[in-house]
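Read the structure below first, then the notes.
The values are calculated or read from the model by the stated rules, or taken from the named source; none is laboratory data. Model, not experiment: these values are computed from the prediction. Ideal geometry is used to build each Cβ from the backbone, glycine not excepted, and the neighbour counts take in all protein chains shown. What goes into the accessible areas is simple: the full protein's heavy atoms, side chains included, and nothing from ligands, DNA or RNA. Shrake-Rupley method; radii C 1.70, N 1.55, O 1.52, S 1.80 Å.
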Amino acid sequence: MAADQTYKLAGVMGWPVAHSRSPVIHNHWIAHHGLQGAYVLLPVQPEQLGLALRSLPVLGFAGCNLTIPHKVAAMRLVDRVDPLARSIGAINTIVVEKDQSLTGLNTDSFGFIQSLLDAQPDWRADAGAVAVIGAGGAARAVIVGLMANGAREIRLTNRSGAKALDMAQEFGEPVRAVPWEDRHEALADIALLVNTTNQGMHGQPPLDLSLHQLPGNALVSDIIYVPMETPLLIDARQRGNPTVNGLGMLLNQARPAFDAWFGMLPGITPELRAKVHATF
Ligand code: NAP
């Protein structure tokens, strides 16, 4: 171990937080790279969030991740919010700066885009129209990522249509709201389909979406990771479409946070995938 290397702490703040896979991911990288440090669970009740965040520098933390229910509330409590995180409307990573101030980032867009690139290295956001199903928090990160990478047409459809309309108005071109009842037809001539709803998740019914209009070469992404292969992805695979599950987004969103705290962008190995997969 290098003599000048200091012990670094990071963690995930949430309420509840015990279910988080982040300790498995970050502690794997800490051990793999022979670093001195630890990534811990930080159960913090919503009313204690401000105090907990201000304690990070005092306790020697390099930063932390945020999960439910803190991702939006923390934006008002940090010293600065990165512009990409501001457009997503949530922060999932906090970095303690040298002067002890707190910067909020959101790495979910990076995680999503990188998961597509891992599956198809020549994937391009401007290759054709994209259909995004769902207009919740995760959809915002997906859309911001697609826009930042040059997507030219994003068809956004949501069960509660007003939310898709509001989001399309907020983001402007290239996002266009499509009525929920027209979602099946919205798949005609697209290059990418993304499910950002919870439909198909363990304990939920499959997403109610017919793939009959989907072009045979369109990439199909489901950001759900439990189960790893949702009914949507099974359906797409059986039609011969290439597919991407949500594990890649989960693993990739952790990489820039680790880089910000520990000073290196770690990789995703089959060993790490297997380790995280084993926790489901
Ligand atoms: P959210 O903000 O609560 O949004 C939920 C979305 O699901 C909304 O669009 C909602 O539509 C839709 N929905 C719920 N029930 C539905 C139904 N019966 N039929 C059609 N649509 C329905 O949740 P979120 O944070 O965006 O998360 C959504 C999913 O993404 C979850 O499964 C989560 O695990 C996954 N996720 C994965 C990652 C990753 O790293 N892979 C990261 C974040 C999230 P309404 O507006 O009509 O309610």
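Things to note:
- Taking 0.36 nm per residue of separation and subtracting the current Cα-Cα distance, fully stretching the chain between D118 and Q48 would add 21.4 nm.
- Helical runs assigned H by DSSP (4 residues or longer) give the chain a calculated mean residue ellipticity at 222 nm of -10000 deg cm²/dmol, each run adding -39500 (n - 2.57) before division by the residue total.
- DSSP bridge orientation in the chain - percent antiparallel, rounded to nearest 5: 20 percent
- Note on the chain: lysine pairs with Cα distance below 29 Å, sequence gap of 8 or more or different chains, count 6.
- Accessible area per residue (1.4 Å probe, heavy atoms of protein chains only) ranks S210, S101 as S210, S101, with the largest value leading.
- The gain in end-to-end length when the D166 to R237 segment is fully stretched comes to 22.3 nm, 0.36 nm per residue minus the alpha carbon separation.
- Converting phi to 3J(HN,Hα) with the Karplus coefficients 6.51, -1.76 and 1.60 and the offset θ = phi - 60°, the range 264-273 yields 7, 8, x, x, 10, 9, x, 4, 5, 4 Hz in sequence order, with x at every glycine or proline.
- The relative contact order of the range 47-187, computed from alpha carbon pairs under 8 Å that lie at least 6 residues apart in sequence, is 16 percent.
- Measuring spread by the Cα atoms of the range 129-280 yields a radius of gyration and Dmax of 15.9, 47 Å.
- The mean sequence separation of alpha-carbon pairs under 8 Å and at least six residues apart, normalised by the residue count of the chain, gives a relative contact order of 15 percent.
- For A177, the residues whose modelled amide H falls within less than 5 Å of its own, excluding neighbours fewer than 5 places apart on the same chain, are L156.
- Each residue, M264 and Q100, gets one label point 7 Å from its Cα in the Cβ direction; the gap between the two is 3.0 nm.
- About its Cα centre, the range 1-154 has a charge dipole of approximately 260 debye under the convention of +1 per Lys or Arg Cβ and -1 per Asp or Glu Cβ, with nothing else charged.
- Estimated vicinal HN-Hα couplings, Hz - the range 111-124 in sequence order (Karplus 6.51, -1.76, 1.60; Gly, Pro = x): x, 5, 4, 5, 5, 5, 5, 5, 7, 9, x, 9, 5, 9
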